[in-house]
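Colleague: Sharing a structure below in structure tokens format, with a few things to ask.
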Amino acid sequence: MAAYLISRDGLFDLLTRVTDSYSVFVPVRRGEKRFFTKFEPSSSPEESSKEMENGRYVIGEVRTFEPLKIFYLRSRGIVADGFEDTVTRAEQKPYCIVGAKACDIKGFKVQDRVFRDDEYKDPFYIREREENLIISADCASVIDTCYCLALHVNPYPEESFDINLSEMSAGFVAESGSEKGKRLINENASLFQEAKAEHIAERDEQRKRIAGEVKKNIKANDIPDQDRLKGVIEKNFNAPIWKEEAETCVECGACNMICPTCHCFLMYDQMDAQRMARLRVWDSCMIKDFAQVAGGANPRDHLWMRLRNRFEKKFDYFPKIGDIYACTGCGRCISACPAKIDIRRILKRLVENV
Ligand code: SF4
Ligand code: SF4
């Protein structure tokens, strides 16, 4: 894969050009967290570059608060409008998402299987996957909830991106990962120069340093490697761990909403004076009504059964049907849970209990 160097000014020039065809979203820092926000080109690349240096745009750093799936599956979206099959996205242009991290991109493995590659084909998801542009980025820092390496996800994207950026002192090392990415680099060749050996060495050194920090997190929390998770859920099916851990759960569903791999949804119809629409909203397997059927029967009536189901789906069902763990170690559910129910602690307890 050819590697290029693009300066900070050059990147913002590129993003400004890309706004002609895409709605561009870039991570910004607010307090300790990062959020995607719409990129507004400044009057000059120099000004844009300053915005990044001042900490407004944070391409490297670490994952955003919200998962990447928000650009592919709206939390609430119309899927049929007045029985017409031409439903537009919120933004008229496709999205260009900048700074997406490896733990989010790995989520595509699960989402693709559910919405694209299996029997059920979701036209909305497929359209977003085909049309959106992903300019991903290596993690340049780590937060204490990161444990991607335990799930064999490196802290830098290796697939499913159009261009990947590795932030460094001279700007960014850029590599294309698709024809779309290659084309974008070729069409804007004046902004890129060939990366030198010293740039690649700096990138590799940073990757090593970040991986070392994630490993420290894993060690400090004694998080089991995914190789130790095989069969662990089945063996713990009747373990008291589920009841004990579910004790403080308030059934808010935040752990599902924030997760880059969770994909369950609910459909409902809504009517106003003029028309009728069918909507799709994200659903949560932690909520009591999730599995309830007509007549009121519920196979997962107790909260601890629903917590167990969440782990079954991620660590037993998906490895069986898709040879993939439906967790990327992003740590979002740890930060989001108001009851301090920690996936790392549960995995550790499950492994120790077999
Ligand atoms: S289960 Fe938690 S740590 Fe794993 S991918 Fe989902 S939000 Fe991230
Ligand atoms: S975020 Fe925590 S409290 Fe909310 S449903 Fe998930 S486990 Fe329960």
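Colleague: List pairs: first in the stretch 81-107 and assigned to a strand (DSSP E or B), second surrounded by fewer than 24 Cβ atoms within 10 Å (Cβ to Cβ) and at pLDDT below 65, Cβ under 6 Å, 6+ apart or cross-chain?
Modeller: Short answer, once both residue conditions are applied: D81/V87.
Yes/no matrix, rows are residues, columns are (1) farther than 24 Å from F115 by Cβ; (2) among the basic types (K, R); (3) more than 16 Å from ligand 2 (Cβ to nearest atom):
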{"position": "K219", "(1), (2), (3)": "yes, yes, yes"}
{"position": "D222", "(1), (2), (3)": "yes, no, yes"}
{"position": "K235", "(1), (2), (3)": "yes, yes, yes"}
{"position": "N238", "(1), (2), (3)": "yes, no, yes"}
{"position": "C252", "(1), (2), (3)": "yes, no, no"}
{"position": "M257", "(1), (2), (3)": "no, no, no"}
{"position": "M267", "(1), (2), (3)": "no, no, yes"}
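Colleague: Give the stretch 341-351 a look and list any residue that's outside any helix (DSSP H, G or I) and aliphatic (A, V, I, L, M), or say none.
Modeller: I341
Colleague: Check K320, K313, K288 and return the single one that is among the basic types (K, R), free of Cβ contacts under 8 Å to residues at least 40 places away in the same chain and within 13 Å of ligand 1 (Cβ to nearest atom).
Modeller: K313
Colleague: Inside the stretch 321-340, can you point out the residues that are part of a helix (DSSP H, G or I) and either touching an Asp or Glu at 6+ places or on another chain (Cβ under 6 Å) or closer than 22 Å to R116 by Cα (or both)?
Modeller: Of everything in the stretch 321-340, those that are part of a helix (DSSP H, G or I) and either touching an Asp or Glu at 6+ places or on another chain (Cβ under 6 Å) or closer than 22 Å to R116 by Cα (or both) turn out to be I321, G322, I334.
Colleague: Turning to a different aspect of this structure: Give me the residue from the stretch 103-153 that is acidic (D, E) and away from ligand 1 (no atom under 16 Å from the Cβ) and, out of that set, farthest from R209 (Cα to Cα).
Modeller: Residue satisfying both the conditions and the ranking: E119.
Colleague: Mind checking which residues of the stretch 296-345 are more than 21 Å from R63 (Cβ to Cβ) and among the β-branched types (V, I, T)?
Modeller: If the condition is that a residue be more than 21 Å from R63 (Cβ to Cβ) and among the β-branched types (V, I, T), then I321 is the only one that fits.
Colleague: Let me ask something additional. Name the residue, out of R300, R332, R275, R308, that is surrounded by 17 or more Cβ atoms within 10 Å (Cβ to Cβ) and away from ligand 1 (no atom under 16 Å from the Cβ).
Modeller: R300
Colleague: Let me ask another. Which of the helices (runs of 4 or more DSSP H) found entirely inside the stretch 203-320 contain at least 2 residues meeting this: under 26 Å from L68 (Cβ atoms) and charged (D, E, K, R)?
Modeller: 303-312
Colleague: So, one more: State yes or no: is C139 more than 16 Å from ligand 2 (Cβ to nearest atom), hydrophobic (A, V, I, L, M, F, W, C) and assigned to a helix (DSSP H, G or I)?
Modeller: No: the conditions fail for C139.
Colleague: Please go through the stretch 178-208 and give me each residue that is exposed (fewer than 12 other Cβ atoms within 10 Å of the Cβ) and among the basic types (K, R), ordered by number.
Modeller: Answer for the stretch 178-208, where residues must be exposed (fewer than 12 other Cβ atoms within 10 Å of the Cβ) and among the basic types (K, R): just K208.
Colleague: Is it true that some residue in the stretch 166-174 is free of Cβ contacts under 8 Å to residues at least 60 places away in the same chain, surrounded by fewer than 24 Cβ atoms within 10 Å (Cβ to Cβ) and out of contact with any Leu (no Cβ under 9 Å at 6 or more places or on another chain)?
Modeller: Looking through the stretch 166-174, at least one residue is free of Cβ contacts under 8 Å to residues at least 60 places away in the same chain, surrounded by fewer than 24 Cβ atoms within 10 Å (Cβ to Cβ) and out of contact with any Leu (no Cβ under 9 Å at 6 or more places or on another chain).
Colleague: Please indicate, with yes or no, whether at least one residue in the stretch 307-315 is modelled with pLDDT of 95 or more, among the hydrophobic types (A, V, I, L, M, F, W, C) and more than 24 Å from G231 (Cβ to Cβ).
Modeller: no
Colleague: Also, quick follow-up: Quick test for you: out of T248, T261, pick the one residue that is touching a residue at least 60 places away in the same chain (Cβ under 8 Å) and within 11 Å of ligand 2 (Cβ to nearest atom).
Modeller: T248
Colleague: Would you mind finding the one in E234, E251, E247 that is outside the structural domain of Q111 (by TED's automatic domain parsing) and closer than 25 Å to S75 by Cβ?
Modeller: On inspection, the qualifying residue turns out to be E251.
Colleague: Still on this structure, I have one more. Within the stretch 187-195, identify whether any single residue is among the hydroxyl-bearing types (S, T, Y) and part of a helix (DSSP H, G or I), and answer yes or no.
Modeller: yes
Colleague: Related question: Exactly one condition in (1) under 24 Å from D104 (Cβ atoms); (2) within 16 Å of ligand 1 (Cβ to nearest atom); (3) of a type in the set (D, E, K, R) is not met by D227; state its number.
Modeller: (2)
Colleague: Let me ask something else about it. Looking only at the stretch 327-354, count how many residues are aliphatic (A, V, I, L, M) and away from ligand 2 (no atom under 15 Å from the Cβ).
Modeller: 3
Colleague: Tell me the residue from K93, K38, K101 that is at pLDDT 80 or above, of a type outside the set (F, W, Y) and either touching a Cys at 6+ places or on another chain (Cβ under 6 Å) or crowded, with 16+ Cβ neighbours inside 10 Å (or both), please.
Modeller: Going through K93, K38, K101 in turn, just one is at pLDDT 80 or above, of a type outside the set (F, W, Y) and either touching a Cys at 6+ places or on another chain (Cβ under 6 Å) or crowded, with 16+ Cβ neighbours inside 10 Å (or both): K101.
The values are calculated or read from the model by the stated rules, or taken from the named source; none is laboratory data. Note that this is a predicted model, so its numbers are computed, not measured. Here the Cβ is made from the backbone with ideal geometry for all residues, glycine too, and neighbour counts use every protein chain on show.
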